[in-house]
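The values are calculated or read from the model by the stated rules, or taken from the named source; none is laboratory data. These numbers were taken from a predicted model, which means no experiment stands behind them. Here the Cβ positions follow ideal geometry from the backbone for every residue, glycine too, while neighbour counts run over all protein chains shown.
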Amino acid sequence: MSQQIVVYGASWCPDCHRSRTFLDGHNIGYEWIDIDEDPAAADKVAEINHGNKTIPTIIFPDKSILVEPSDKALEEKLVDLGIMKADVQKQPPVVTHDVVMIGAGPAALTAAIYTTREDIDTLLFEKGVVGGLAAVTDVIDNYPGFANGVHGLELAESLRGQAERFGAVIELGEVMSIKDEGKLKRLETTSGDMLAKVVLIATGSDYKKTGVPGEAEYYARGVHYCATCDGAFYRDKKLAVIGGGNSAVQESIFLTRFASHIDLLVRSSVKASEVLQEELKKYVDEGKITVHEGVRPKEIVGDGNAVNKVVAIDSKDQEIVYDVDGVFVFIGLLPNTGFLKASGVELDEVGLIKTDQNLQTNIRGVFAAGDVRSGATMQIASAAGEGATAALKIREYLEGKL
């Protein structure tokens, strides 16, 4: 029996990068197989997952398999196999940090650069991908300082490296709740309870779902929310993209690298920026993208293993069927604030965090920045700016000036 862990993935896959970072960080050896460079490996991934096109797929020495595992699931598997040692200290002491930042996107990473430069003890908790949604955006064209744009993952890694250079600690895990205990805030996390003098919430947003039949059933088997993550699985295939804003147009253009044709389904009319609409027109003229306005999805249909069509309703309430091999949904974002329900942090009507002019919430010592904050512009540049502002206000708070 092979004693080698095998990781199937691709260089463009953020989850693959996260799993490899976990294994490397714990000095665990593995064989890395890039499915973009090995067509047989891509076929094997599909075979292992019964047609599902999902990476990373990790095979262990006992032939067991994990697909897109969280770091916690990966750790549990490695402990179970005896490859990693379990933490025998059942009740670790509660550690107090100067600042705990929840999330590790552009807002938190920028804030961490500022706080750690001033020797403020800073811990960041991230349950997904370091860099947030920015890390899974193909090319970012409107971030200052990059004349030719910058790949999202490259920007995320640069921000991470800069924050860590000054002493920021990034831990992959989840914060389940925050409790105000006066001068200190108690955080319940997957690593146990911890205390913080200040908390910065920078959890960003997640992809909004259409809610139509078939969407949940075919998630990762034809329904996707990240073109950078999953677009390469659809080389020479037909795709439908649902949405009409900046993200939908930008990701449709990106997907033309792989797909033979894209049907862009827009509920009303395309509302992307003029620059993106001009670029979209080029792909429409070339026949790579067809825009269907006044169309709303009714159902995503498949054969039990994969998607094969989208049923939609036009402005005359007539059904239209689009034969496709996959669907990408880009219809907006929802704030990641579910864990705050019992915290007392005040939210607005859509679930975004309310703050004052200092980016402080209604609870003293708890701040918010970036896309999760009510009034945010949902731009990477402004998220970074808010992170810097939050850091300066946090310093004032710790010094008793706020």
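Go over the candidates Leu398, Leu333 one by one and state the one that is in contact with a Lys or Arg (Cβ under 9 Å, 6 or more places away or on another chain), of a type in the set (A, V, I, L, M), modelled with pLDDT of 95 or more and surrounded by fewer than 19 Cβ atoms within 10 Å (Cβ to Cβ). Reasoning before the result, please.
Details: Leu333 fails: modelled with pLDDT of 95 or more.
Testing whether each residue is in contact with a Lys or Arg (Cβ under 9 Å, 6 or more places away or on another chain), of a type in the set (A, V, I, L, M), modelled with pLDDT of 95 or more and surrounded by fewer than 19 Cβ atoms within 10 Å (Cβ to Cβ) leaves just Leu398.
Please list, ordered by first then second residue, the pairs with beta carbon atoms under 6 Å, 6 or more apart or interchain, first in region 246-275 and not assigned by TED's automatic domain parsing to the domain that holds Asp141, second crowded, with 24+ Cβ neighbours inside 10 Å and of a type in the set (Lys, Arg).
none
For Leu392, are the conditions met, namely being surrounded by fewer than 20 Cβ atoms within 10 Å (Cβ to Cβ), part of a helix (DSSP H, G or I) and over 18 Å from the mean Cα position of the chain (by Cα)? Outline the logic, then answer.
Details: surrounded by fewer than 20 Cβ atoms within 10 Å (Cβ to Cβ): yes; part of a helix (DSSP H, G or I): yes; over 18 Å from the mean Cα position of the chain (by Cα): yes.
In short, yes.
Out of Glu274, Glu279, Glu293, Glu251, I need the residue that is among the charged types (D, E, K, R) and buried (at least 20 other Cβ atoms within 10 Å of the Cβ). Which one? Write out each step before concluding.
Numbers: Glu274 fails: buried (at least 20 other Cβ atoms within 10 Å of the Cβ); Glu279 fails: buried (at least 20 other Cβ atoms within 10 Å of the Cβ); Glu293 fails: buried (at least 20 other Cβ atoms within 10 Å of the Cβ).
Going through Glu274, Glu279, Glu293, Glu251 in turn, just one is among the charged types (D, E, K, R) and buried (at least 20 other Cβ atoms within 10 Å of the Cβ): Glu251.
Answer yes or no as to whether Ile394 is touching an Asp or Glu at 6+ places or on another chain (Cβ under 9 Å), in contact (Cβ under 8 Å) with a residue 40 or more places away in the chain and within 19 Å of Tyr114 (Cα to Cα).
Working: touching an Asp or Glu at 6+ places or on another chain (Cβ under 9 Å): yes; in contact (Cβ under 8 Å) with a residue 40 or more places away in the chain: yes; within 19 Å of Tyr114 (Cα to Cα): yes.
Judged against the criteria, Ile394 is a match.
Need a quick list: strands (runs of 3 or more DSSP E) entirely within region 247-356 having at least 2 residues that are within 20 Å of Arg235 (Cα to Cα) and touching a helix residue (DSSP H, G or I) at 6+ places or on another chain (Cβ under 9 Å). Outline the logic, then answer.
Values: elements: 261-266, 289-293, 296-302, 307-313, 319-323, 326-329, 333-335.
In region 247-356, 261-266, 289-293, 326-329 are the strands (runs of 3 or more DSSP E) which contain 2 or more residues that are within 20 Å of Arg235 (Cα to Cα) and touching a helix residue (DSSP H, G or I) at 6+ places or on another chain (Cβ under 9 Å).
If you go through region 44-57 one residue at a time, do you hit one that is free of Cβ contacts under 8 Å to residues at least 40 places away in the same chain and closer than 22 Å to Phe22 by Cα?
yes
Residues of region 336-363 being crowded, with 18+ Cβ neighbours inside 10 Å, in contact (Cβ under 8 Å) with a residue 40 or more places away in the chain and closer than 19 Å to Gly385 by Cβ, which ones?
Listed by number, the residues that qualify are Ile353, Gln360, Thr361.
Condition check ((1) of a type in the set (Phe, Trp, Tyr); (2) under 30 Å from Asp98 (Cβ atoms); (3) surrounded by fewer than 24 Cβ atoms within 10 Å (Cβ to Cβ)) across all residues:
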| position | (1), (2), (3) |
| --- | --- |
| Ser177 | no, yes, yes |
| Thr190 | no, yes, yes |
| Lys197 | no, yes, yes |
| Gly204 | no, yes, no |
| Tyr219 | yes, no, yes |
| Tyr225 | yes, no, yes |
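Quick test for you: out of Thr210, Thr228, Thr203, pick the one residue that is at negative phi and in contact with a Cys (Cβ under 9 Å, 6 or more places away or on another chain).
Within the list Thr210, Thr228, Thr203, the selection yields Thr228.
Inside region 102-202, counting only helices (runs of 4 or more DSSP H) that do not spill past its ends, which hold 2 or more residues that are charged (D, E, K, R) and over 23 Å from Glu68 (Cβ atoms)?
On the way: elements: 106-117, 132-135, 152-165.
The helices (runs of 4 or more DSSP H) meeting that bar are 152-165.
Keeping to region 227-243, report how many residues are at pLDDT 90 or above and surrounded by 24 or more Cβ atoms within 10 Å (Cβ to Cβ).
Number of matching residues: 5.
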